[in-house]
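Q: Have a look at this one.
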Amino acid sequence: MLWVQRRWSARDAAQQERIAAYQDLLARTMTLALRADTVRQTMRFRSGLAEGLSITLRQRRPLDSFELHDWLSEDWRPVSDAWSQVHVVGSQQAIDVADRLLDACGDLLAAATAFDQSRNSFMRVVRGEAPSDEQAEPYQAALRRMAGERVALARLARDEAGNEKVVFAFDRAMAEAEAEAVPS
């Protein structure tokens, strides 16, 4: 009877470890999304002639690409660690979702840092890197994709933990967007 209790205890511990890995990846990807948005806003406000003048007058120091890399790594590294943990303890379905989520994170960072190549180079220098309407949609699409993959992982974690099914706010928002898109 003692061996049965040990086996159940080991199974419970493994499930708790798995769910903790999923939770960690969910939390880490949210903070990475916030960093991506900060980088996007920084590109907008820290470019153009006004920025150059502020740096020249020593009102602001120039951005350092190595510092930016280190700043982004503060959240990218934990995301990578959490993704790796899911690969070690997660189910095959969780590994697949984690892979898609990590890919969505990369797409979000790429969309957040994209330059508008169609803008006149002179205007980019003068006015700075203001995101165009053409850039806004890919960024929003990348954000929706990342949110969708996060929900897929949360849904899977709830299912594997034996929790009841719920409707996430993301699902409601997507349903509302679809309803608005359908002509009456």
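Q: In a solvent-free Debye calculation with one equal scatterer on each Cα, what is log10 I(q)/I(0) for region 77-116 at q = 0.16, 0.18, 0.20, 0.31 Å⁻¹, listed in the order of the q values?
A: Treating every Cα as an identical point scatterer, log10 I(q)/I(0) equals -0.44, -0.52, -0.60, -1.00.
Q: Still on this structure: With a 1.4 Å probe and all protein chains kept in place, how do Val167, Val86 rank by accessible area, largest first?
A: I get Val167, Val86, largest accessible area first.
Q: Right, here's the next one. Rounded to the nearest 0.05, what FRET efficiency do Ala179 and Ile95 give with R0 = 41 Å and r taken as the Cβ-Cβ distance? Could you check?
A: 0.75
Q: Mind giving me the FRET efficiency for Gln23 and Ala136? R0 is 22 Å, r the Cβ-Cβ distance, nearest 0.05 is fine.
A: Using R0 = 22 Å, I get an efficiency of 0.10.
Q: Heavy atoms of the protein only, probe of 1.4 Å, neighbouring chains included. What is the accessible area of Arg145 in Å², nearest 10?
A: Only protein atoms counted, so the area is about 80 Å².
The values are calculated or read from the model by the stated rules, or taken from the named source; none is laboratory data. All values derive from a computational prediction rather than experimental measurement. Counting neighbours? That spans all protein chains shown, and the Cβs are built from the backbone with ideal geometry, glycine included. The area values use the complete protein model at the heavy-atom level, side chains included, leaving out ligands, DNA and RNA. Shrake-Rupley method; radii C 1.70, N 1.55, O 1.52, S 1.80 Å.
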